[in-house]
Structures are given as structure tokens and as C-alpha cells.
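*Asks:* So that we are looking at the same thing, I have put the structure below in C-alpha cells.
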Amino acid sequence: MTDENPTEKMLAMLSRWSGGQSLNDNRKVRLICHQPQNGAYAYLHRLYAGLSREEITEIEDIVGQPIPPRLFNFYRATNGARLFEGQVSVSGFVKNFSRDPAREIPISIEQDNYVFGAMRPEWHGQGYFRVGSISVLRQDEIICGPDDQLAVLHGQTGEALRHYEDIFDCVESFTREMAQFWTLDGDFIGDLEVIDQLLLGVGGTA
């Protein structure tokens with residue numbers, strides 16, 4: 001990828017649902033497109049406060065790998081993400097767990113990587129670690145390698161379904177593809193089986 005500011009491009013894509021709310025302040029949680037029809041704490045997208053360099057170092061200790069440059073920039077902008085009602089999720093650094101629905105915390109990258117090495121030794125041996133998931137009809141895994149490249153693995157077979165140049169390429173691609181299934185007011189107008197087929201065969205590079 002050659003974008004000079006991939007964070008800005010990502011935020012611009014998500015801003016179509018923001019109702020004019022600025023998404024540029026990485027010091028705070030950004031809740032995008034409230035969905036009161038789904039509950040008081042329901043939002044189409046969630047971005048979190050960006051991480052410090054010290055906190056990203058703690059992620060490196062957790063996953064046992066250095067965080068490559070593009071993923072590092074992503075974590076500086078947002079500590080993970082939950083997009084399209086959590087159907088696309090990027091894991092983040094969680095210091096203190098909470099069941100309080102009013103407390104906005106990402107999926108834990110530590111939890112994601114507890115058994116990754118044992119479950120996916122062929123990828124782990126190449127320096128990959130898990131950074132998120134795609135949850136439509138099953139939970140596919142998003143993994144990141146030492147060169148910033150991402151792969152999406154089938155949640156049941158472990159087959160690599162897609163490959164992306166980096167985390168921004170991945171998020172932008174899914175945003176383009178999934179946007180057709182939600183209105184600007186956050187109403188779902190899609191079909192989960194159609195989305196599943198889309199994820200299996202279209203986008204990224206196989």
C-alpha cells in the first residue's frame with residue numbers, strides 16, 4: 001500500500017455513518033451510528049482510543065512478535081475496532097476486563113492468542129498471530145504476519161480464504177463490501193447467507 005495517510009482514508013470511509021460526527025480524535029472512543037432498535041448500547045461501528053507506544057509494546061509481549069509498521073499505525077489510531085455490529089472485529093489491548101455494557105472495550109488480543117499457536121502451528125511458525133475475526137455464519141480468523149500482510153482463515157477448516165497487504169487494506173475492503181447491507185441509519189437490509197458467500201469467494205486475493 002502506498003497511501004500516505006491510511007488512517008485518514010479509513011476514517012473517511014466510516015464517516016458515511018457518523019452523521020457528521022468527527023472521527024479524528026484518537027484520544028477517545030468513537031461510537032458510530034446508534035441503533036436504538038437493537039438496544040441502548042448498540043452501535044453499527046466502534047473505534048477505541050488509540051494506544052501509546054508503551055501499550056503496543058505490551059501487545060508485542062502478549063503475541064510474542066513485533067508489531068509491523070502498518071498495524072502499529074492502526075493501533076495508534078484505534079485500539080482495535082468492531083465494525084458492522086461486530087461482524088468484522090479487530091482485537092485490541094485490554095488491561096481490565098468488564099461485563100458492564102456501558103464500558104467500551106475491544107475484543108482482547110490476549111484472549112485471541114491463548115491457543116492460536118497450538119491451533120494454527122503452520123501459521124504461528126511463520127510469525128503470524130491472530131488480530132481479529134469475521135463473524136457471520138461462523139467465526140473466521142484474521143491473522144497478521146511479520147510483513148504486515150493479513151490472511152483470513154476459515155473458522156472450521158483453517159483454509160486461507162483471503163489475503164490483504166495490511167490491516168488498512170483489510171478494513172477498507174470489508175467496509176466497501178459490507179456497506180451495501182446496512183443503511184446509513186444502521187438498519188440491516190442484507191442476507192447472512194449472501195454475505196457468507198461473499199466472504200468465501202470475493203475480495204482480497206485468494
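*Asks:* Could you work out the local net charge near Leu71, counting Lys and Arg as +1, Asp and Glu as -1, over the other residues with Cβ closer than 11 Å to its Cβ?
*Replies:* -2
*Asks:* Stretched out fully, how many nm does the piece from Arg138 to Ala12 gain, at 0.36 nm a residue minus the Cα gap?
*Replies:* That works out to 42.5 nm of additional length.
*Asks:* State in Å² the accessible area per residue of the chain; use a 1.4 Å probe, count heavy atoms of protein chains only, and round to the nearest integer.
*Replies:* Per residue, the chain has an accessible area of 48 Å².
*Asks:* Now a separate question. Please state the relative contact order of region 42-120 as a whole percent: Cα pairs under 8 Å, 6+ residues apart?
*Replies:* 32 percent
*Asks:* Need one value: the accessible area of Met119 in square angstrom, 1.4 angstrom probe, rounded to the nearest 10.
*Replies:* Accessible area of Met119: about 120 Å².
*Asks:* What is the sum of charges around Arg46, taking Lys and Arg as +1, Asp and Glu as -1, for the other residues whose C-beta is under 13 Å from the C-beta of Arg46?
*Replies:* With Lys, Arg at +1 and Asp, Glu at -1, the neighbours total +2.
*Asks:* Can you give the FRET efficiency to the nearest 0.05 for Thr57 and Thr183, using r as the Cβ-Cβ distance and R₀ = 41 Å?
*Replies:* In this case the efficiency is close to 0.50.
*Asks:* Tell me the relative contact order for region 1-87 as a rounded percent, counting alpha carbon contacts under 8 Å between residues six or more apart.
*Replies:* For region 1-87, the relative contact order is 27 percent.
*Asks:* Counting Lys +1, Arg +1, Asp -1, Glu -1, what net charge surrounds Glu141 among other residues with beta carbon under 12 Å of its beta carbon?
*Replies:* Within the 12 Å Cβ shell, the charges total +1.
*Asks:* May I pose another question? From the Cα gyration tensor of region 110-178, with a ≥ b ≥ c the square roots of its eigenvalues, which class applies: rounded if a/c is under 1.5, or else prolate if a/b is larger than b/c, or else oblate?
*Replies:* Taking the square roots of the gyration eigenvalues as a ≥ b ≥ c, region 110-178 is oblate.
*Asks:* So how exposed is His163, as accessible area in Å² (1.4 Å probe, rounded to 10)?
*Replies:* Rounded to the nearest 10, that gives 60 Å².
*Asks:* Under the definition of Cα pairs under 8 Å and six or more residues apart, what whole-number percent is the relative contact order of the chain?
*Replies:* Averaging sequence separation for qualifying contacts and normalising by length gives 17 percent for the chain.
*Asks:* Report Ile189's accessible area, 1.4 Å probe, all protein chains in place, as a number in Å² to the nearest 10.
*Replies:* Near enough 110 Å² of accessible area.
*Asks:* Counting helices only, and only those DSSP H runs with n ≥ 4, report the 222 nm mean residue ellipticity of the chain as the sum of -39,500 (n - 2.57) divided by its residues, in deg cm²/dmol to the nearest 500.
*Replies:* -8000 deg cm²/dmol
The values are calculated or read from the model by the stated rules, or taken from the named source; none is laboratory data. No experiment lies behind these values; they were computed from the predicted model shown. Note: ideal-geometry Cβ built from the backbone for every residue, glycine included; neighbour counts use all protein chains shown. Accessible surface areas use protein heavy atoms only, side chains included; no ligands, DNA or RNA. Shrake-Rupley method; radii C 1.70, N 1.55, O 1.52, S 1.80 Å.
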